[in-house]
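The values are calculated or read from the model by the stated rules, or taken from the named source; none is laboratory data. Quick caveat, the model's predicted, so the values are computed rather than measured. All Cβ positions, glycine included, derive from the backbone under ideal geometry; neighbour counts span all protein chains shown.
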Amino acid sequence: MIRRLWLRFVQHIDVPLLAVLLPLMLAGLAAIYSASGQDLGMVMRQMVNMSVALLLMWAVANVPPQHLARFALPMYLLGLLLLVGVALFGEVSHGARRWLHVGVTRIQPSELMKLAIPLMLAWFLERREKTLNLKDFATAALMLLLPVGLIVKQPDLGTAILILASGFYVLFLAGLSWRIMLALFLAGVASAPVLWSVLHDYQRQRILTLFDPTQDPLGSGYHIIQSTIALGSGGSFGKGWFKGSQAHLDFLPERTTDFIFAVYGEEFGLLGNLLLLVLYLLVIGRGMIIAIKAPTLFSRLLAGSITLTFFTYAFVNMGMVSGILPVVGVPLPLISYGGTSVVTLLLGFGMLMSINTHRKLVQT
């Protein structure tokens, strides 16, 4: 009886994927414990976040993909409505309007769009699979750009980049022409002066700082300078757990969130970074295998977008911390402290598990 219940409980869990996610989450807890100055309370809160996220992942994994598709349009419309609500009534904090009070709590609607966008675009394009044309891609692009524009105005460039990437991956995997992508790229380059003019002053400063952080070493360049010092000082094998000077002497800012990779790199060195990269690559590889084997266009587009967006999370954060990308406020997936990020990520992985395990049941 117990064995039967256990097998039913894990029936829709993809074991290879979970076997890689759990070590990543444990590495995150270890990094947070050190970066927070051995704050056990913060670690316990993150463990609660992870436990809730794992439970939600299991719940989503048990929902068949065709049922997930039914949530696409309601989630998208709800997300748009909430984003408009943020623009009109949102709470301003640190110069940004990103949060919306709903009853006794507040939410960040842009996080909902990280899942709503790939769901919506995959559902929309599958419905037009047999007659897919340029007009359909244009309509899908408009669906993507509308929430992205609302999020950029908050402003929240990091989240906007992730959502834009998740939507672009759906369009790309659906067969968007290389010529169209090249034309869009050239149009983006040509419009760079206009885009530059609409950026906020601090956003322009971040881009300029990327090329020369030393021009303002105690201001806009401080984050990049300190993070690159931390990564470089870790050497091949690192200084050891709790022994990172940049973090523990308070030189490194945002060390439990956006810049936790610098803490990890200083304490575990190049070898630790390589192990982390291997785990990330295993997650991405497993996700792409699930996408390739998915039986329908909807599930292929959704699985591919979730997987490649996870890659974008990791690439943007590591690039930001190592000084090859501007600072945009993207957390390191499953490592940085924060409940919203880990819940969003594991909900996405729950969708991946649903696509894979229900495919097996259909074939059987």
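Observations on the structure shown:
- Qualifying residue in region 110-119 (condition: within 22 Å of the chain's Cα centre (by Cα), among the small types (Gly, Ala, Ser) and closer than 22 Å to Ser305 by Cα): yes
- Exactly one residue out of Ile306, Ile289 is under 22 Å from the mean Cα position of the chain (by Cα) and surrounded by fewer than 23 Cβ atoms within 10 Å (Cβ to Cβ): that is Ile289.
- Among residues of region 218-230 that are at pLDDT 85 or above, those with a beta-carbon under 7 Å from a residue that is part of a loop (DSSP other than H, G, I, E, B) and polar (S, T, N, Q) at least six positions away or on a different chain give the pairs Thr228/Ser322.
- Residue within region 181-204 that is out of contact with any Lys or Arg (no Cβ under 6 Å at 6 or more places or on another chain) and under 24 Å from Ala294 (Cβ atoms) present: yes
- Candidate set: region 6-21, residues that are more than 19 Å from Pro64 (Cα to Cα) and modelled with pLDDT of 90 or more; chosen: the one nearest to the chain's Cα centre (by Cα): Leu21
- Some residue of region 166-179 being loosely packed, with under 13 Cβ neighbours inside 10 Å and in a helix (DSSP H, G or I): yes
- Residue pairs meeting the criteria (Cβ under 7 Å; at least 6 apart or on separate chains; first under 28 Å from Leu276 (Cα atoms) and in a helix (DSSP H, G or I), in region 1-27; second modelled with pLDDT of 80 or more and aromatic (Phe, Trp, Tyr)): Leu17/Phe349; Leu21/Phe349
- Region 299-322 residues that are outside the structural domain of Val170 (by TED's automatic domain parsing), paired with ones that are among the polar types (S, T, N, Q) (beta carbon under 7 Å, 6 or more apart): Ser305/Ser166; Thr309/Ser166; Val321/Ser227; Ser322/Thr228
- Filtering region 314-337 to residues that are part of a loop (DSSP other than H, G, I, E, B) and under 12 Å from the mean Cα position of the chain (by Cα) leaves Gly329, Val330, Pro331, Leu332, Pro333, Leu334, Ile335, Ser336.
- Check on Ile260, among the aliphatic types (A, V, I, L, M) and over 23 Å from the mean Cα position of the chain (by Cα): no
- Scanning region 144-159 for residues that are crowded, with 17+ Cβ neighbours inside 10 Å, of a type outside the set (Ser, Thr, Tyr) and part of a helix (DSSP H, G or I) yields Leu144, Pro147, Val148, Leu150, Ile151, Val152, Leu157, Gly158.
- At least 1 residues being more than 20 Å from Gly350 (Cα to Cα), free of Cβ contacts under 8 Å to residues at least 12 places away in the same chain and in the same structural domain as Lys243 (by TED's automatic domain parsing) is the threshold, and among the helices (runs of 4 or more DSSP H) wholly inside region 32-116 those reaching it are 40-61.
Rundown of residues vs (1) surrounded by 24 or more Cβ atoms within 10 Å (Cβ to Cβ); (2) among the basic types (Lys, Arg); (3) assigned by TED's automatic domain parsing to the domain that holds Leu40; (4) over 30 Å from Leu352 (Cβ atoms), yes/no style:
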{"residue": "Tyr222", "(1), (2), (3), (4)": "no, no, yes, yes"}
{"residue": "Gly235", "(1), (2), (3), (4)": "no, no, yes, yes"}
{"residue": "Lys239", "(1), (2), (3), (4)": "no, yes, yes, yes"}
{"residue": "Leu249", "(1), (2), (3), (4)": "no, no, yes, yes"}
{"residue": "Thr257", "(1), (2), (3), (4)": "no, no, yes, no"}
{"residue": "Gly269", "(1), (2), (3), (4)": "no, no, yes, yes"}
{"residue": "Leu277", "(1), (2), (3), (4)": "no, no, yes, no"}
{"residue": "Leu282", "(1), (2), (3), (4)": "no, no, yes, no"}
